[in-house]
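Just so it is clear, none of the values below were taken in a lab; they were calculated from the coordinates. The shown structure was predicted, so the numbers you read here are calculated from the model rather than taken from an experiment. We place every Cβ from the backbone using ideal geometry, glycine too, and count neighbours over all the protein chains shown.
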Amino acid sequence: MKYLVILVLFFLTLSCTAKRDVFVPVLLDYELYYPDEARRQGIEGTVHVRVLVNRSGKAEDVAIAKSSGSPLLDSAGVRTAKTFEFSPAVMDEKAMKSWVMVPIEFTFQEINYEEWLTEVEITRRRIEKTYDKDAIEELYELYKQMIFSPWEAQDLEFNYYVKEVVVKRAAAVWKGYWSAYPARVLLFVDIINRYPDSFTALKARADLGDFLQTEQITMRHTLDPATSDTLINRIKEAIDY
């Protein structure tokens, strides 16, 4: 089983004439973005961006140098690049502006179910201890790794792990159907049921609405009408949809 991640590789170039005491920017921090719609469609690609790093190490300007071929990935690449924080370029002990060329690769990586389950448990303990809002968001991101995993109709291994992490109310939605269809939608339901007053639950509810638009079509093509209608109705009842 695989899930979608971003791998970022850096090839740095200065925009000035080289001198002896020159230090190129070094990436210190960044935030990765991967559009859910791109993950849903299984889109891969690499977008090359040019980033103007200012004297404070911030991304002052971003431009696409070479498109990935996907507007979704190009937009995500620019959004990601705008979060880059560098140590600035230095020439003769003075910080200076410089351009860096950054290829951002959106690709598939294997997901290790046991490691995923461990991360979920650790994150959930953080939430239980302090009701950490950031941790709730991190948990949702972990869930989305599983939700947007490419899957085959006959590959239901990850249903075991979904069943392990969701609350009883969410698990009850799939009662009798764990061997029939991937239960990834229950991870939306779990966030909504488990943390109903959180901003993340609001996001999950909106995301679930979008997700169900296409998921219902897939379910009806994969399952018999009675089964698909039952599951869809149970999902809506579980979140008072």
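Inter-label distance, Glu115 to Asp61: 4.0 nm, where each label sits 7 Å from its Cα along the C-beta direction. Sorted largest first, the principal axis extents computed over the alpha-carbon atoms of the chain equal 72, 41, 29 Å.
Calculated translational diffusion coefficient of the range 113-238 (25 °C, 0.890 mPa s; Stokes-Einstein with Kirkwood radius over alpha-carbon pairs) equals 166 µm²/s.
At 222 nm, what helix-only mean residue ellipticity would the chain give, in deg cm²/dmol to the nearest 500, using -39500 (n - 2.57) for each DSSP H run of four or more?
Taking each H run of at least 4 residues, the total per residue is -14500 deg cm²/dmol.
So if I take the centroid of the Cα atoms in the range 162-216 and the same for the range 62-111, what is the distance between those two points in Å? With the range 162-216 and the range 62-111 each reduced to a Cα centre, they are spaced 34 Å.
Against the main long axis of the alpha-carbon atoms of the chain, helix 199-222 sits at an angle near 60°. Placing a pseudo-label 7 Å from each Cα along the Cα-to-Cβ vector at His221 and Glu93 gives an inter-label distance of 6.6 nm. The relative contact order of the chain comes to 20 percent, based on Cα pairs under 8 Å that sit 6 or more residues apart.
Computed from Cα positions, the angle between helix 133-147 and the longest principal axis of the chain comes to roughly 70 degrees.
For the chain, the longest principal axis of the C-alpha atoms and the axis of helix 185-194 are separated by about 90°.
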